[in-house]
1. If residue 272 satisfies every condition in (1) touching a strand residue (DSSP E or B) at 6+ places or on another chain (Cβ under 9 Å); (2) closer than 22 Å to residue 219 by Cβ; (3) touching a residue at least 40 places away in the same chain (Cβ under 8 Å); (4) not β-branched (Val, Ile, Thr) but one, which is the exception?
2. For region 253-294, which residues satisfy the criterion of being surrounded by 20 or more Cβ atoms within 10 Å (Cβ to Cβ), among the charged types (D, E, K, R) and in contact with a Gly (Cβ under 8 Å, 6 or more places away or on another chain)?
3. Confirm whether residue 93 is surrounded by fewer than 24 Cβ atoms within 10 Å (Cβ to Cβ), in contact with a helix residue (DSSP H, G or I) (Cβ under 9 Å, 6 or more places away or on another chain), touching a residue at least 60 places away in the same chain (Cβ under 8 Å) and closer than 26 Å to residue 121 by Cβ.
4. Do you know which of the residues in region 212-227 that are out of contact with any Phe, Trp or Tyr (no Cβ under 9 Å at 6 or more places or on another chain) and surrounded by fewer than 18 Cβ atoms within 10 Å (Cβ to Cβ) is nearest to residue 142 (Cα to Cα)?
5. Looking at residue 229, is it hydrophobic (A, V, I, L, M, F, W, C), more than 26 Å from residue 279 (Cβ to Cβ) and without any contact (Cβ under 8 Å) to a residue 60 or more places away in the chain?
6. Could you please find all residues in region 115-133 being modelled with pLDDT of 95 or more and under 16 Å from residue 243 (Cβ atoms)?
7. Would you kindly identify the strands (runs of 3 or more DSSP E) lying entirely within region 226-284 that contain at least 1 residues that are modelled with pLDDT of 95 or more, among the hydrophobic types (A, V, I, L, M, F, W, C) and closer than 26 Å to residue 78 by Cα?
Amino acid sequence: MQNLKIFMVLAAIAFVASIFFTGSNTRVHSDKPANLAEAIFVPEAQKPAPEPPQLIAASAVVFDPLGRSYIFEKQADEPVGIASISKVMTALIAYERTNNDDAVVVSRDAIRTEGSNGLIHGEHFRMENLLQMMLMESSNDAASAIAEHIGRIYGAETYTEAQDVFASLMNEKAKSLGMSTTHFQNATGLDIDAATPSNISTAHDIVKLALYSLRYPGIWETTDSPSGAIISQEGTMYKMQNINTLANELPGFVGGKTGFTDIAGGSLLVIMEIPIGSPKIVLALGSTHAGRFEDVQKLINWLEASLSSSL
């Protein structure tokens, strides 16, 4: 069902683009009303547009993929730490450079990563399962294991080298997407130290990443579920809970990704249909742990009120 939903979103974007670029050059103008009703029709006064929301977030946007336009922007070109929003790029690299059935072994170094989900050294997982854990629970040991696996494919001999190789792949992809103010240092989004965020981007750049990532529905499928479970190839089951509290509350929710570190603050990326059938990207960066959810909810409420006032 989720595959179909995202496919329809992409198809709608492509359809609108085809009209925009190949529409007829012939235009018909008429000063005459089509009928008497049109001639005497007096439109009702529009409702006043709602005031823009007051946000905790340092940076935020609402983007309309079909119209290719920003509906709301706050400091959208300001570089900020993005914390675990980084994992959307981590997943994108995995989708483009590995197969879902690839066997990934969990190393000792990977399970030492801050924010571990309790993976066991030496266990093997399908790549797809580790991606599910990383995206639903924002698992840092899963992200580190994915990065190590791919880094070693590209010649790294140690865990540290593998993480560096993977970060280079992330930056290479960011450059190809036109994310000119983005720089990645790791796959997790964890801070480098007590004063320095690891991965830096802007709201405008993250929208570019989100749009491109819709080519891979699997990135968003897991984030639409409130819970799930994966099983290692050794038979250990890991139950998962979605840490995005809005996933179960928002009608039209397609997918999302949370992020939080002490330095970067709280982040939340949500893709949803407002109204149903009309996708929107809603993003808050540099908020607080609780404020990221409040900010995105405020943006959604404001958008719905704005659309209602324009009817």
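1. The failed condition is (3).
2. 292
3. Numbers: surrounded by fewer than 24 Cβ atoms within 10 Å (Cβ to Cβ): yes; in contact with a helix residue (DSSP H, G or I) (Cβ under 9 Å, 6 or more places away or on another chain): yes; touching a residue at least 60 places away in the same chain (Cβ under 8 Å): yes; closer than 26 Å to residue 121 by Cβ: yes.
When the stated conditions are applied, residue 93 passes them.
4. 227
5. Values: hydrophobic (A, V, I, L, M, F, W, C): yes; more than 26 Å from residue 279 (Cβ to Cβ): yes; without any contact (Cβ under 8 Å) to a residue 60 or more places away in the chain: yes.
Answer is yes for this residue.
6. Once the filter is applied, which keeps residues that are modelled with pLDDT of 95 or more and under 16 Å from residue 243 (Cβ atoms), region 115-133 yields 131, 132, 133.
7. Values: elements: 227-231, 237-241, 253-261, 265-273.
Of the strands (runs of 3 or more DSSP E) lying wholly inside region 226-284, those with at least 1 residues that are modelled with pLDDT of 95 or more, among the hydrophobic types (A, V, I, L, M, F, W, C) and closer than 26 Å to residue 78 by Cα span 253-261, 265-273.
The values are calculated or read from the model by the stated rules, or taken from the named source; none is laboratory data. Since we're looking at a predicted model, the values are computed, not measured. Note that we place each Cβ from the backbone using ideal geometry, even for glycine, and neighbour counts take in every protein chain shown.
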